Amino acid sequence: MTGLLDTEAATVPAAPAAAGQCPGHPPDPDAGDGTHRRLMALLDRAGADYRIIDHAPEGRTDLASELRGHRLEMAAKCMVLRIRRKDGEDHHVLAVVPGHRRVDLRRVRKLYGGSDATLGDREEAERLTGCVSGCVIPFSFDERLPVVVDADLLVHEEIYFNAARLDRSLALRTVHYISLSTPRIAAIAK
């Protein structure tokens, strides 16, 4: 599916990227050393409780969850959506749902008062997130990309996600995820 920044639709590159970068993606100039390093710096500055899990490169949620050794519903599956507003203006959101579920586009559209909701254009989504498909993190470093997370993901003590790299994931305490990402919390999964 084109435009999808869902970890289930990712393709795995032949070789992992240099440390601190998404494969095939140039460093984000605002992030200095890339989205991975920016994420790690955020977690370290805040004293967040997390574990690093290095593994074979994998961008699919189900397979990455197997490599990390956790239940699929504990995975944070992330995708960028484009919301068309009634005035014709587009707005993007980063939707985060449990790994075993899908985003309900109708619910997200209603939540943001849009007339339509679709999967975001891949190029725009990669620019907004600083990551390529398969290694999108459930955080936004761009004020134009608010985060909305499904409430069912947050019932777990920890959540798991690729850390802006296909060969590295994080297990992060949910309370720290909520406090650092300040997401909008709503029922957006089906």
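The figures follow:
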quantity	calculated
Residue 152 vs. criteria surrounded by fewer than 17 Cβ atoms within 10 Å (Cβ to Cβ) and in a helix (DSSP H, G or I)	yes
In segment 52-81, the residues that are outside any helix (DSSP H, G or I), open to solvent by 40 Å² or more (accessible area, probe 1.4 Å) and either without any contact (Cβ under 8 Å) to a residue 40 or more places away in the chain or of a type in the set (Val, Ile, Thr) (or both)	52, 69, 71
Yes/no for residue 94 being more than 21 Å from residue 49 (Cα to Cα) and modelled with pLDDT of 95 or more	yes
Check on residue 109, part of a loop (DSSP other than H, G, I, E, B) and in contact (Cβ under 8 Å) with a residue 12 or more places away in the chain	no
Members of segment 176-187 found to be within 13 Å of residue 43 (Cβ to Cβ), of a type outside the set (Gly, Ala, Ser) and surrounded by fewer than 19 Cβ atoms within 10 Å (Cβ to Cβ), listed by number	176, 180
Test for residue 137: is it outside any helix (DSSP H, G or I), crowded, with 21+ Cβ neighbours inside 10 Å, β-branched (Val, Ile, Thr) and over 11 Å from the mean Cα position of the chain (by Cα)	no
Criterion: closer than 28 Å to residue 57 by Cβ, surrounded by 18 or more Cβ atoms within 10 Å (Cβ to Cβ) and among the small types (Gly, Ala, Ser) - qualifying residue of 99, 114	99
Residue 104 within 23 Å of residue 51 (Cβ to Cβ) and either surrounded by fewer than 21 Cβ atoms within 10 Å (Cβ to Cβ) or of a type outside the set (A, V, I, L, M, F, W, C) (or both)	no
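The values are calculated or read from the model by the stated rules, or taken from the named source; none is laboratory data. Just so you know, these numbers come straight off a predicted model, no measurement behind them. Neighbour counts are summed over all protein chains in view; Cβ atoms, including those assigned to glycine, are modelled from backbone coordinates with ideal geometry. With ligands, DNA and RNA removed, areas are computed over all heavy atoms of the protein, side chains included. Shrake-Rupley method; radii C 1.70, N 1.55, O 1.52, S 1.80 Å.
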